[in-house]
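This report refers to the structure that appears directly beneath it.
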Amino acid sequence: MPIKKIVLLINGKLGIRVLRFVLNQSEIQISGIIVNSAHKRTSNYLDLVNDVLGEFDKSLPVISYEGVGNNHKKIREVLEISEYGISALFGHVLPKNLLAGIGCEIINLHPSLLPVGKGADPIPWSIINQGKQGVTIHIIDSGLDTGDILSQKEIHTDIGMNSGEIYELASDLLFDQLQLNFTPWLNKSHRVSNQAKLSTPSHKSSELEDLRAINSNEVASFGDFVRKIQALTFSDGRKPFFVDESGRLWVIDFSLNPNRD
């Protein structure tokens, strides 16, 4: 099998797993690694990436996605020499000028059942809206999470699960689905389905952060309150909070457990 060139756009623990997985594929040559911008990634993420490369005795270009200009020129150059790409919870929407005329087919690992849950933070918004949870691997096109679907699986959850717990399940399931579909995708023997053209809302990260401060006088049904708390409890330690009358900040720790009787 001829060597195939692939670019990785990675973030988080799932990105590290994808990097290690691809490095283990003998028919693959990684043409470049693009990581989240400095303000979005954890402070030690570049070290984690380089540690993995060191395990395989590899020296590869690692580019941080920042602003515009020369940085985007470097990214464009990597995309132009790549045949394939994998975006794993990357956190940035690639602008049209980067993708225009590129022969590289990029798949995106997305933690929702598209077309519902486009954009940032689909898991907490699905909790708030009482929607289904799941994962989708789709081909990136010029829209926001609108490309043809390669794989899609539902995650069965209950009201006792917070965003962080569902995120970990989604990450594991996305990795499993990538492994199952990787070789058929490379060999062009995979099947894709057109994504339903539904008018569904998309969100920005700032929208959810605006909800994190809970008003102590907030009035809601018990179910809506629980869903909001669970939605705002993340695996990275971020939690909802409220400020009392004296100005003291209180972090909200909350859990529901099923009755075992």
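Please work out if Phe242 is farther than 30 Å from Ile3 by Cβ, in a loop (DSSP other than H, G, I, E, B), in contact (Cβ under 8 Å) with a residue 24 or more places away in the chain and not assigned by TED's automatic domain parsing to the domain that holds Lys13. Give the derivation first.
Values: farther than 30 Å from Ile3 by Cβ: yes; in a loop (DSSP other than H, G, I, E, B): no; in contact (Cβ under 8 Å) with a residue 24 or more places away in the chain: yes; not assigned by TED's automatic domain parsing to the domain that holds Lys13: yes.
No.
Would you mind listing the strands (runs of 3 or more DSSP E) fully within segment 1-94 where at least 3 residues are of a type in the set (A, V, I, L, M, F, W, C)? Spell out the reasoning first.
Values: elements: 4-10, 28-35, 62-64, 84-88.
Strands (runs of 3 or more DSSP E) meeting the threshold: 4-10, 28-35.
Please go through segment 245-259 and pick out each residue that is touching a Phe, Trp or Tyr at 6+ places or on another chain (Cβ under 8 Å) and in a loop (DSSP other than H, G, I, E, B).
Ile252
Of all residues in segment 179-221, those that are assigned to a helix (DSSP H, G or I) and surrounded by 11 or more Cβ atoms within 10 Å (Cβ to Cβ) total 12.
Listed residues Val18, Val49, Val62, Val35; which is touching a strand residue (DSSP E or B) at 6+ places or on another chain (Cβ under 9 Å) and either within 21 Å of Val135 (Cβ to Cβ) or free of Cβ contacts under 8 Å to residues at least 24 places away in the same chain (or both)?
Values: Val49 fails: either within 21 Å of Val135 (Cβ to Cβ) or free of Cβ contacts under 8 Å to residues at least 24 places away in the same chain (or both); Val62 fails: either within 21 Å of Val135 (Cβ to Cβ) or free of Cβ contacts under 8 Å to residues at least 24 places away in the same chain (or both); Val35 fails: either within 21 Å of Val135 (Cβ to Cβ) or free of Cβ contacts under 8 Å to residues at least 24 places away in the same chain (or both).
One residue alone meets the criteria, Val18.
Residues considered: Gly117, Gly85, Gly91. Of these, the only one that is assigned by TED's automatic domain parsing to the domain that holds Asp172, at pLDDT below 95, surrounded by 16 or more Cβ atoms within 10 Å (Cβ to Cβ) and closer than 16 Å to Val18 by Cβ is Gly91.
The values are calculated or read from the model by the stated rules, or taken from the named source; none is laboratory data. Remember, it's a predicted structure, so these values are computed and weren't measured experimentally. Using ideal geometry, Cβ is built from the backbone for each residue, glycine included, and neighbour counts are taken over all protein chains shown.
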